[in-house]
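**Student:** One structure coming up, written as C-alpha cells, with questions to follow.
The values are calculated or read from the model by the stated rules, or taken from the named source; none is laboratory data. These numbers were taken from a predicted model, which means no experiment stands behind them. Every residue, glycine among them, receives a Cβ derived from its backbone with ideal geometry; neighbour counts consider all protein chains shown. Remember, those area values only see protein heavy atoms, side chains included, never the ligands or the DNA or RNA. Shrake-Rupley method; radii C 1.70, N 1.55, O 1.52, S 1.80 Å.
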Amino acid sequence: MSELSELYQQVILDHNRNPQNFHRPAGANQTAEGYNPLCGDKITVYLRVHGETIQEIGFEGSGCAISKASGSLMTTIINGKTIKQTQSLSKKFQEMVTCDLNIPPPSDMGKLIVFAGVREFPMRVKCATLAWHTLNAALEGKKETVSTEKPEE
Amino acid sequence: MRPAIPFDVDRVREDFPILKQKVHGKTLVYLDNAATTQKPQGVIDALERYYRTENANIHRGVHYLSELATAEFEETRTQVKHFINAREVREILFVRGTTEAINLVAQTFGRVQVKKDDEIVLSEMEHHSNIVPWQILCQEKGARLRVIPMNDAGELILDEFKKLLSKKTKLVAIAHVSNALGTINPIKKIIERAHRHGIPVLVDGAQAVAHLKIDVQDLDCEFYAFSGHKMYGPTGIGVLYGKAKLLEEMPPYQGGGDMISAVTFEKTLYNVIPYKFEAGTPDIAGVIGLGAAIDFIQSIGIENMGQHEEALLKEATKSLSQVPRLRLIGTAREKAAVLNFVMEGIHPHDIGTIVDQEGVAIRTGHHCAMPVMQHFGVPATARASFGVYNTFEEIEALVKALKKVWEVFG
Ligand SMILES: Cc1ncc(COP(=O)(O)O)c(C=O)c1O
C-alpha cells in the first residue's frame, strides 16, 4: 500500500472531498476549459486578473480525485500571485510530476509536494497536470478547449 | 452452490503464460478481456513457428516456403469460414481488425450506396468505431445517422428501431454485444426487421465472437466484423465477412498488389473476391495466429466457454451488488460477462489505480462509447470483463480490491 498512500495522501483526499474555490468568482475576466479525453475529466478555470496580478481564481468541473485535488490546491496557491510567478510555478509543477523517480522532488514546492507521488503512476500524471494546463491556457487567452492529448506548440 | 465448470479451468490457465505473472507483488487477476484477451501458448507458438520455419510472401512465389505459407494462410480462411459458418470461403476477408472492417464497408459499399439525404441506422450503444466511419461517410454524402435509443437497463428499444426504418435507410450497423454495457442485442430480430424493408445489416461482432456461437447464415446479416485479439488471437488481424454477391458488386478498398489481375497505365482489372479487398502483403503471421486461436476455442468448445462465462457473470453480479454504494451500468436481461460500474463519489480512474495495486486489471474510462456515458450521466465507468480462464476466486479478489477503494476513500 505504500505507493498508493503516497498517491492518495490525506491532503489530496481532503481537497477531493472539499475542493477549495470550486466556483466561478465574480468579475472573472479570463477563463479556459481543459479536457482529458482519455478519462473524460473536464475542468474550467476562471481568473480575475488585474494588471499583472491574479486577484482571484476559481475552478469547476468533474474528474478523478487527483485532478480535482490538483485544481483545488492550485487555486489556494495561485490566489494573489503575479502572472509571472504563476507561470514559473506551473512549469515547476510539471517538472516535479514528470521527473525521474531517482531524483528527489524539489524542496520548494510547498503544499504542492503532495503530488510528487504521482510520478509512480505514469498513467495519472495527466490527471495532476490538467488544472495547470488549463490555467496556462486561461492566462494565454486560449479560446478552444485545451486537451491533454493535443501536442503542445 | 456454484455450477460445475464444463472444462478444466486450471489446465486452461496453464496454457496462458502471462497469467503466471505477478503485478505489484500480487498474482495477476486479468479482468480486461473486453479490451483484449490474453494469448494461449498455441497462438504464441504458431507465430514463432511461422517466423522460424515458414516465413515467405504469399500468393507470389513458386518456391517451397511461399507455397507453404500461402497454403497455411488460405487454410485459415477456410477455418474462419467454418468458425462462423459462412457459405463460401471467398466471403472471408482478412483485415486489421473490427475497425478496419467497418471502415472498409463504409468506404466501398457505403460510398456507392449512400446518397444525399439517405440514412444509416445505428444504436446509442455503439463503439466509436461503428459511429465515426459512418459519420465521415454522411458528411461526405450529405446523408445522416439515425440512432436507436436504449432504455436505462441498456437494452435497445425495438419499437423505436422499427420507426426509424424507411426508404431512405441504406444500412443498419449494430453491435452484437456492447463493450460498454455487456448487452447482447437481439440482432437476429433486428436483421429480420431490416430485411423486410430490403435494408442490409452490418454486425459489429468484436465482443461476441469469443463468447457466442456465430452462424452468419442463420443470422443472415450482410456483413459481420470481428477482431482476432479479442478472441485469444494476435493483434493486427481481423475478419470481415460479407455476402459474396455484395462483395462482388462493391468497388475495391485500397489499391495495390494482390488486389489486381492485370494492370496497365490505362486500366486495371481487379482480382476476384476476397483478394480484391486485400491489397498489399497482409499480416501473414497474424492470420496463422488467428487460426491457432480458433483451434484453441474449438478445443474447449465455444458453448462451454459461454456457459462458464455466464456462471461468472451471475456470481460477479451478485458479489458486486454487495459492495457498498456501487452501481452497475448495464443491467440488460441478455448479457455477456462484462460488468460496468461506478462507485458513489469516486472517479473510475481512482478505482482502477487502487485495484491495480492489488494485481487486479480492469478497464476504466469511456470505453470508446461516449454516447453511452452520456445516457447514464457519468463521465466514465469501471469495467470488469471475463474470459475463459477467469475463476470464481478472481471475482473474490476483485471484490476485495474494491473494498480497498473504500478503505482509501473512506
Ligand atoms: C464493440 C466493439 N466494436 C469495435 C471495437 C474495435 O475493435 P478493434 O480496436 O480491434 O478494431 C471494439 C474494441 O474495443 C469493440 O468493443
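**Student:** So how much accessible area does residue B:30 have, in Å² to the nearest 10, using a 1.4 Å probe?
**Tutor:** Near enough 20 Å² of accessible area.
**Student:** A further question on this structure: Using the Cβ atoms and a cut-off under 12 Å, what net charge is assigned to the surroundings of residue B:135, where Lys and Arg are +1 and Asp and Glu are -1?
**Tutor:** 0
**Student:** Excluding same-chain residues fewer than 8 positions from residue B:276, which aspartates and glutamates have a Cα within less than 14 Å of its Cα?
**Tutor:** B:91, B:248, B:249, B:258
**Student:** Give, rounded to the nearest 20 debye, the magnitude of the charge dipole that the stretch B:210-250 has about its Cα centre when Lys and Arg contribute +1 at Cβ and Asp and Glu contribute -1 at Cβ.
**Tutor:** 240 debye
**Student:** Additional query: Going by average Cβ neighbours within 10 Å, how do the peptides B:395-406, B:216-227 rank, with the highest at the top?
**Tutor:** Highest mean packing first, the order is B:216-227, B:395-406.
**Student:** Using a 10 Å cut-off around each Cβ of peptide B:351-361, what is the average number of partner chain Cβ atoms that fall inside?
**Tutor:** Partner Cβ neighbours, averaged per residue: 3.
**Student:** Filter the GluC sites (Glu not before Pro) in the stretch B:1-102 to those in DSSP coil with at most 14 other Cβ atoms within 10 Å of their Cβ, and list the result.
**Tutor:** B:88
**Student:** Per residue of B:338-349, what is the mean number of Cβ atoms on other protein chains within 10 angstrom of that residue's Cβ?
**Tutor:** 3
**Student:** For every other residue with a beta carbon closer than 12 angstrom to the beta carbon of residue B:6, add +1 if it is Lys or Arg and -1 if Asp or Glu, then tell me the sum.
**Tutor:** It works out to a net charge of -4.
**Student:** Also, I was wondering about something else. May I ask you to list the lysines whose Cα is less than 25 Å away from that of residue A:42, ignoring any residue fewer than eight positions away on the same chain?
**Tutor:** Within the straight-line limit of under 25 Å, residue A:42 reaches these lysines: A:68, A:81, A:91, A:92, A:111, A:126, A:142, A:143, A:150.
**Student:** Which percent, to the nearest 5, of DSSP beta bridges fully inside the protein assembly as shown are antiparallel?
**Tutor:** 70 percent
**Student:** On a 0 to 90° scale, report how tilted helix B:284-300 is relative to the longest principal axis of chain B, with both axes built from alpha carbons and the result rounded to the nearest 10.
**Tutor:** 50 degrees
**Student:** Taking the convex hull of the alpha carbon atoms in the protein assembly as shown, what volume per residue do you get, in Å³?
**Tutor:** Output value, Cα hull per residue: 188 Å³.
**Student:** Could you rank the peptides B:352-359, A:4-11 by their average count of other C-beta atoms within 10 Å per residue, with the highest value first?
**Tutor:** Ranking the peptides B:352-359, A:4-11 by packing returns B:352-359, A:4-11.
**Student:** Give the long-range amide H neighbours of residue B:360: residues separated by 5 or more places, or on another chain, with amide H under 5 Å away, using H modelled in the peptide plane at 1.01 Å from N.
**Tutor:** Under 5 Å from the amide H of residue B:360 lie the amide H atoms of B:29, each far enough along the sequence or on another chain.
**Student:** Now for a separate question. Let's test this: bin the Cα-Cα distances of chain A at 10 Å from zero up to the farthest pair and state each bin's percent.
**Tutor:** The calculated distribution, bin by bin, is 12, 44, 36, 8, 0.
**Student:** Also, quick follow-up: Which lysines, on any chain, are close to residue B:189 with Cα under 16 Å apart, when same-chain ones fewer than 8 places away are left out?
**Tutor:** Within the straight-line cut-off, residue B:189 pairs with B:162, B:163.
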